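Below is one structure, written out as structure tokens, with a few remarks after it.
Derivation of every value follows stated rules applied to the coordinates shown; laboratory data play no part. Model, not experiment: these values are computed from the prediction. Glycine also receives a Cβ, built like all others from the backbone with ideal geometry; neighbour counts cover every protein chain displayed.
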Amino acid sequence: MITHYGYSDGSGEYYIVIDAAKCDGCGECVKVCPQSALELVSMFIDLDDKTVAAVTEQQRKNIKYACSPCKPETGKAPCVTACKQKAIWCVWNPR
Amino acid sequence: MSETPKKEDVEYWRWQEYHRVFSEKKWKNKDIITAGVDVGSVGSKAAVMIDGEVYSWGVMRTGSNSPDSAKKALSWAMEGTGLRVEDLKYIVGTGYGRVNVPMANKAITEIACHAKGANYIWGPSVRTVLDVGGQDIKAIHCDETGRVTSFLMNDKCAAGTGRGMEVFADLLKIPIEKIGEVSLKVEEEPPPVSCTCVAFAKTEAMGLLRKGWSKEKVLAAYTHAMAIRMGNLIKRVGLEKEFVITGGQSKNIGIVSRIETQLGVKCLPMPDWRENGLDPMIAGAIGAALFGKALYEKEQKS
């Protein structure tokens, strides 16, 4: 299950994408996020609960501001670099 | 709008609460009776299912207290059935207020439940589900079993959602149930309002009304803007046929037809929900009750 957290507005579209199938719940991305925008949550997949990374409930509608210091044009975001499973990536399409 | 009372205190946004029992089906204690309670930001929905078939449901407005709304919705769904909460083998809470469903055995995100519910309502061909709720929009992509493969949540705010529609119903003094129809009563589709933000759109709408635009035209412009926004969300998650809309706005013909135009795709037809109980607005609660059955069976095995 691939989850897109982000926004689309006049400046373009920006999404943090997390693939729950690849995520092993190690929590490295949570540790390195300078904005504390990530957390480990229990996700219901195929009748089981799996621990995976997710954008926090509070930051979900605030990604425009929370993630702007790390937008890909400033180099790879810390969460993306920290993930050994390549389960988290960013999409930024400026308009 | 001649049939609406002319009283000053009419609340145009106030939609009808409703419930149904499909009493031709009878329940017995040995049946796997499960319930799904979907506490949304605007509406609370509860569905009771017997052996995975819809038995009864209830829809009401969510109050300021989520646990209370959950309890009320569930007892409304069970009203006149003779069922008690103890008869339910498994209860799943979902939606915005899912952690506040006190009697639930488990809470599951509404994403999973809506996909499951849509799969049940329209069948395994469903791939893209757009859930337009009271305060947010979710674009979901799923496989033939109703399992979520990808999903996208809307940004920021209540723009272009059920709540936004309620605000417009009040502003334009049009009963909420008629808002879709009225928005289609324009000779030519007006350009969309520039901003779907409820607060700004309201200001913009006032300006358009002063400019002499008809209510219908203003509403069409707002609905048009909402449809564009929703269309973009779906394109990001990947539009694949078959496509369906769930949540309260699935009944807003103005929204549905404009999304279809945006995407160039027809939604699967609205089920005859008054007859068969497959109400797209209750998709989340139905999905939750189905998960309840699966989880109960899993517990029995282990």
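Give the order of B:22, A:44 when sorted by the count of other beta carbons within 10 angstrom, beginning with the fewest.
B:22, A:44
In nm, what is the difference between 0.36 nm times the number of residues separating residue B:27 and residue B:9 and their Cα-Cα distance?
2.1 nm
Mind pulling the angle between the C-alpha long axis of helix B:198-210 and the longest principal axis of chain B? Nearest 10 degrees, somewhere in 0 to 90.
40
Specify the angular offset, from 0 to 90 degrees and rounded to the nearest 10, of the alpha carbon long axis of helix B:283-301 from the longest principal axis of the alpha carbons in chain B.
Around 20 degrees separate the two axes.
Dividing the Cα convex hull volume of the protein assembly as shown by residue count, how many Å³ per residue is that?
Dividing the Cα hull volume of the protein assembly as shown by its residue count gives 150 Å³.
Taking every pair of alpha-carbon atoms in region B:216-291, give the share separated by more than 19 Å as a whole percent.
Roughly 41 percent, rounded to a whole number.
What number results when the radius of gyration of region B:77-131, computed over Cα atoms, is divided by 2.2 N^0.38 Å?
1.35
Give the residue from A:42, A:23, A:94 lying farthest towards the positive end of the charge dipole for region A:2-94; charges sit on Cβ (+1 for Lys and Arg, -1 for Asp and Glu) and the dipole is referred to the Cα centre.
In region A:2-94, that residue is A:94.
Angle between the Cα long axis of helix B:66-78 and the longest principal axis of chain B, 0 to 90 degrees, nearest 10?
70
Applying 1/(1 + (r/R0)^6) with R0 = 51 Å to the Cβ-Cβ distance of residue A:21 and residue B:79, what FRET efficiency is obtained, to the nearest 0.05?
In this case the efficiency is close to 0.75.
Quick one: longest stretch of chain B between exposed loop GluC sites (Glu not before Pro), exposed meaning at most 10 other C-beta atoms within 10 Å and loop per DSSP?
Free of exposed loop sites, the longest segment is B:25-186.
Determine the relative contact order of region A:2-94: mean sequence separation of Cα pairs under 8 Å and six or more apart, normalised by residue count, in whole percent.
38
What relative contact order, as a whole-number percentage, does chain B give when Cα pairs under 8 Å and 6 or more residues apart are counted?
23
Computed over the Cα atoms, what is the radius of gyration of chain A divided by 2.2 N^0.38 Å, N being its residue count?
Compared with the compact-globule rule of thumb, chain A sits at 1.03.
What Cys residues in chain A are without a partner cysteine, judged by a Cβ distance under 4.7 Å?
Lone cysteines by the Cβ rule: A:23, A:26, A:33, A:67, A:70, A:83, A:90.
Net charge near residue A:52, counting Lys/Arg +1 and Asp/Glu -1 over other residues with Cβ under 11 Å of its Cβ?
Its environment carries a net charge of -2.
Pairs of Cα atoms under 8 Å, at least six residues apart: use those to get the relative contact order of region B:151-263, whole percent.
Relative contact order, region B:151-263: 34 percent.
Find how many whole Å separate the alpha carbon centroid of region A:2-27 from the alpha carbon centroid of region B:95-123.
22
Which pairs break 32 Å Cα to Cα here: B:89/B:266; A:61/B:298; B:178/B:241; A:61/B:106; B:72/B:217?
Violating the 32 Å Cα-Cα cut-off are B:89/B:266; A:61/B:298; B:72/B:217.
Please give me the summed charge of the neighbours of residue A:86: other residues whose Cβ is under 14 Å from its Cβ, Lys and Arg +1, Asp and Glu -1.
With Lys, Arg at +1 and Asp, Glu at -1, the net is 0.
Tell me the net charge near residue B:58. Cut-off is 13 Å between Cβ atoms, residue B:58 excluded, with +1 for each Lys or Arg and -1 for each Asp or Glu.
+1
Which one of B:190, B:219, B:209 has its Cα pushed farthest toward the positive end of the charge dipole of region B:151-263, where Lys and Arg give +1 and Asp and Glu give -1 at the Cβ?
B:209
So, how do all the Cα-to-Cα distances of chain B break down into 10 Å bins, in percent, from 0 on up?
That works out to 7, 29, 33, 22, 8, 2, 0, in percent per bin.
Take residue B:125 and residue B:53, extend 7 Å from each Cα along the Cα→Cβ direction, and tell me the distance between the two endpoints in nm.
Spacing of the two 7 Å Cα→Cβ label points: 2.4 nm.
Using the Cα centre as the reference, give the magnitude of the dipole from point charges on the C-beta atoms of chain B (Lys, Arg: +1; Asp, Glu: -1; all else neutral), rounded to the nearest 20 debye.
Dipole about the Cα centre, nearest 20: 380 debye.
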